Amino acid sequence: MILDEYEEPTVGNKIVRFLVGVFLTILVSMLILTLLPGDAEQNIFRMLTGQDNFSYGKIGDETITPDYFQSARKDCFQRYKDYNPNLANDASELNSCAYDTVKSFKVYKVLASSVGYGISENRLKEIIWEQAKQAHKESNMGAGYSEDDKLSKEEVYKNILRATPLVYRQDFLTAMGFDRFLYSEVKPSLDEEKITKESSLAKLTFSFIQVTDSDLLNKIGDNINIEEDLVKADYDRSLKEGTLSKTPEGKLPTFEERKSFIENKLRVEKKQTLLGELKSKLLVLKNQNSKIADLTQVSGIPTTDIKDMPLSDISKGNENKSLGFTGSSAFLKDLGDVTFGTGKVSGPYPDGDKIIYVDFKELKIETDGKVDEKNDSNLSNTRIFLMEINNSLKSIYPIYRKLDKQDN
């Protein structure tokens with residue numbers, strides 16, 4: 001009988017079975033982690049390694065996680081790098097800016113939630129996927145990379161997803177879009193209508209140049225000479241460090257086989273260096289009180305002239321993409337402080353991928369036109385009221401700054 005033929009497993013067989021079971025368990029666990037979304041994978045990793053026990057403080061009752069705080073700090077660095085490079089290297093200022101950003105996002109999140117406004121996770125991932133497709137397209141245009149060195153759209157998407165926590169992206173987009181959403185249905189009061197009518201009588205004349213990386217790269221051009229000594233040095237360094245990509249046959253490519261690729265790579269790097277130098281030169285010229293014509297000569301970008309623009313149209317800057325910067329707080333601040341007609345250049349004012357420099361030429365006030373002096377006994381102060389709500393929420397949700405040990 002079969003039962004009579006059954007033999008008790010030896011100790012060796014039991015050890016082999018145990019090792020096979022452990023190996024299969026590890027293999028299945030790794031497969032599960034690989035199939036998880038990037039953010040879930042990171043959360044599990046942080047939980048297993050104990051990183052979740054560390055935080056950068058609290059906002060209200062919520063813990064400020066390290067990745068959320070570092071994302072806010074990175075955004076602050078990018079802003080300071082463009083406007084004030086000295087602050088970009090000030091760790092204390094960056095930390096303070098990051099905490100203020102976290103607090104601002106918390107307030108906007110509470111306000112947005114109260115009126116049903118928000119960005120869903122699926123919508124956010126759709127936005128990131130569109131960014132990944134655009135980044136993939138731009139990275140493969142004229143860079144000279146081989147097929148083995150190119151990242152797929154899926155890989156670019158995962159890299160973007162891992163770079164910043166999903167919850168931070170949601171809070172960022174909520175904060176950016178909430179004001180526009182909230183004020184879209186606000187009916188202006190009679191006082192606001194009066195101010196709008198008066199502001200239409202004030203006419204602004206200015207000139208500006210609108211600088212983009214693409215414009216400056218076109219000025220730099222592609223005729224960048226790369227010396228063969230630099231190409232050979234890059235090849236030798238990659239060979240020594242073991243980072244040289246092998247051929248499909250599994251062999252290391254010769255210098256002649258790799259030369260064209262390295263030249264293209266060094267040319268792209270050189271263009272990026274020249275781009276940074278050109279942008280710095282424009283900022284230096286502005287700080288040296290140069291004329292806008294000097295910036296035009298260096299950048300190769302023609303000046304755009306705006307004549308007799310009513311101040312009331314400034315709030316409509318978003319309707320005209322080329323004048324969207326006129327609605328920024330920095331532009332409006334300079335508009336109130338600048339001395340007109342001196343030729344001094346103001347800015348830079350960021351607007352998406354563009355940087356704008358402005359020469360404020362003239363502000364004239366027309367006296368004709370009648371202003372309706374009706375009294376509004378039920379004056380609508382909606383905007384002021386909403387600002388007060390914002391300020392009140394800031395006091396309700398105090399932030400504990402763990403890095404500098406203080407509450408505010």
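The values are calculated or read from the model by the stated rules, or taken from the named source; none is laboratory data. The shown structure was predicted, so the numbers you read here are calculated from the model rather than taken from an experiment. Backbone-built Cβ (ideal geometry, glycine too); neighbour counts: all protein chains shown.
Restricting to the range 273-290, what's the tally of residues that are in a helix (DSSP H, G or I) and surrounded by 13 or more Cβ atoms within 10 Å (Cβ to Cβ)? If you could, list the steps in order and put the result at the bottom.
Our first condition is that a residue be in a helix (DSSP H, G or I); within the range 273-290, this holds for 273-287.
Those left that are additionally surrounded by 13 or more Cβ atoms within 10 Å (Cβ to Cβ): 274-275, 278-279, 281-283, 285-286.
Within the range 273-290, residues that are in a helix (DSSP H, G or I) and surrounded by 13 or more Cβ atoms within 10 Å (Cβ to Cβ) number 9.
Pull up the range 96-124, narrow it to residues that are among the charged types (D, E, K, R) and buried (at least 17 other Cβ atoms within 10 Å of the Cβ), then point me to the one that is farthest from residue 397 (Cα to Cα). Working first, answer last.
Going through the range 96-124, the residues among the charged types (D, E, K, R) turn out to be 100, 103, 106, 109, 121, 123.
Add one more test, that the residue is buried (at least 17 other Cβ atoms within 10 Å of the Cβ), and what stays is 103, 106, 109.
On the way: 103: 8, 106: 8, 109: 12 Å.
Restricting to residues being among the charged types (D, E, K, R) and buried (at least 17 other Cβ atoms within 10 Å of the Cβ), the top hit is 109.
For the range 329-343, enumerate the residues that are buried (at least 16 other Cβ atoms within 10 Å of the Cβ) and over 21 Å from residue 285 (Cα atoms).
Selection gives nothing.
Within the range 7-18, is even one residue acidic (Asp, Glu), over 30 Å from residue 278 (Cβ atoms), at pLDDT below 65 and loosely packed, with under 14 Cβ neighbours inside 10 Å? Reasoning before the result, please.
First, pick out the residues of the range 7-18 that are acidic (Asp, Glu): 7-8.
Filter once more, keeping what is over 30 Å from residue 278 (Cβ atoms): 7-8.
Pick out the ones that are also at pLDDT below 65 and you get 7-8.
Remaining after also requiring loosely packed, with under 14 Cβ neighbours inside 10 Å: 7-8.
Yes, some residue in the range 7-18 is acidic (Asp, Glu), over 30 Å from residue 278 (Cβ atoms), at pLDDT below 65 and loosely packed, with under 14 Cβ neighbours inside 10 Å.
Considering every residue within the range 51-67, establish whether at least one is assigned to a helix (DSSP H, G or I) and at pLDDT 85 or above.
So the first thing to find is which residues in the range 51-67 are assigned to a helix (DSSP H, G or I), and the list is 51-53, 66-67.
If we keep only those that are at pLDDT 85 or above as well, we get 66-67.
Within the range 51-67, one or more residues are assigned to a helix (DSSP H, G or I) and at pLDDT 85 or above.
Can you tell me which residue in the range 296-305 is surrounded by the most Cβ atoms within 10 Å (Cβ to Cβ), limited to those that are of a type in the set (S, T, N, Q) and assigned to a helix (DSSP H, G or I)? Please lay out each step first, then the result.
Of the range 296-305, the ones of a type in the set (S, T, N, Q) are 296-297, 299, 303-304.
Next, only the ones that are assigned to a helix (DSSP H, G or I) stay: 296-297, 299.
Working: 296: 15, 297: 12, 299: 22.
Only one residue fits best here, namely 299.
Filter the range 344-363 down to residues that are modelled with pLDDT under 85 and exposed (fewer than 15 other Cβ atoms within 10 Å of the Cβ) and give me whichever is farthest from residue 325 (Cα to Cα).
353
How many residues, within the range 260-318, are in contact (Cβ under 8 Å) with a residue 60 or more places away in the chain and farther than 24 Å from residue 361 by Cβ?
Result for the range 260-318: 10.
Six or more apart or on different chains, Cβ under 9 Å: which pairs go from a residue in the range 107-128 that's in the same structural domain as residue 175 (by TED's automatic domain parsing) and within 13 Å of residue 167 (Cβ to Cβ) to one that's surrounded by 12 or more Cβ atoms within 10 Å (Cβ to Cβ) and among the acidic types (Asp, Glu)? Could you list them?
109/171; 119/171
Just checking, does the range 309-326 include any residue being in a strand (DSSP E or B) and either at pLDDT 85 or above or out of contact with any Asp or Glu (no Cβ under 6 Å at 6 or more places or on another chain) (or both)? Spell out the reasoning first.
If we filter the range 309-326 for residues that are in a strand (DSSP E or B), which is where we start, we get 309-310.
In the following step, the residues that additionally are either at pLDDT 85 or above or out of contact with any Asp or Glu (no Cβ under 6 Å at 6 or more places or on another chain) (or both) were identified as 309-310.
Yes.
In the range 93-106, which residues are closer than 17 Å to residue 173 by Cα and touching a residue at least 12 places away in the same chain (Cβ under 8 Å)?
As a first pass, look at the range 93-106 and keep what is closer than 17 Å to residue 173 by Cα: 98, 100-106.
Those that are closer than 17 Å to residue 173 by Cα and touching a residue at least 12 places away in the same chain (Cβ under 8 Å): 98, 101, 102, 103, 104, 105, 106.
Please determine, by comparing only the residues of the range 68-82 that are buried (at least 16 other Cβ atoms within 10 Å of the Cβ) and out of contact with any Cys (no Cβ under 9 Å at 6 or more places or on another chain), which one is nearest to residue 356 (Cα to Cα).
My answer is 71.
Could you tell me whether residue 293 is small (Gly, Ala, Ser), part of a helix (DSSP H, G or I) and within 30 Å of residue 203 (Cβ to Cβ)? Don't jump to the end; show me each part of the working.
Details: small (Gly, Ala, Ser): yes; part of a helix (DSSP H, G or I): yes; within 30 Å of residue 203 (Cβ to Cβ): yes.
So residue 293 fits the description; yes.
Report yes if residue 293 is within 17 Å of residue 345 (Cβ to Cβ) and in the same structural domain as residue 353 (by TED's automatic domain parsing), otherwise no.
Values: within 17 Å of residue 345 (Cβ to Cβ): yes; in the same structural domain as residue 353 (by TED's automatic domain parsing): yes.
Here the answer is yes, as residue 293 does meet what is asked.
Which of the residues that make up the range 90-115 are modelled with pLDDT of 85 or more and not in a helix (DSSP H, G or I)?
Once the filter is applied, which keeps residues that are modelled with pLDDT of 85 or more and not in a helix (DSSP H, G or I), the range 90-115 yields only 90.
Which residues, taken from the range 271-285, are farther than 13 Å from residue 298 by Cα and not small (Gly, Ala, Ser)? Can you show your working first?
Residues of the range 271-285 that are farther than 13 Å from residue 298 by Cα, as a first pass: 271-273, 276.
Once the filter is applied, which keeps residues that are farther than 13 Å from residue 298 by Cα and not small (Gly, Ala, Ser), the range 271-285 yields 271, 272, 273.
Of the numbered conditions (1) surrounded by 15 or more Cβ atoms within 10 Å (Cβ to Cβ); (2) modelled with pLDDT under 85; (3) assigned by TED's automatic domain parsing to the domain that holds residue 359, residue 245 fails exactly one; give the number of that condition.
The one condition residue 245 does not meet is (1).
Out of 260, 184, 214, I need the residue that is at pLDDT 85 or above, out of contact with any Lys or Arg (no Cβ under 9 Å at 6 or more places or on another chain) and exposed (fewer than 14 other Cβ atoms within 10 Å of the Cβ). Which one? Write out each step before concluding.
Numbers: 260 fails: at pLDDT 85 or above; 184 fails: at pLDDT 85 or above.
From the options 260, 184, 214, the qualifying one is 214.
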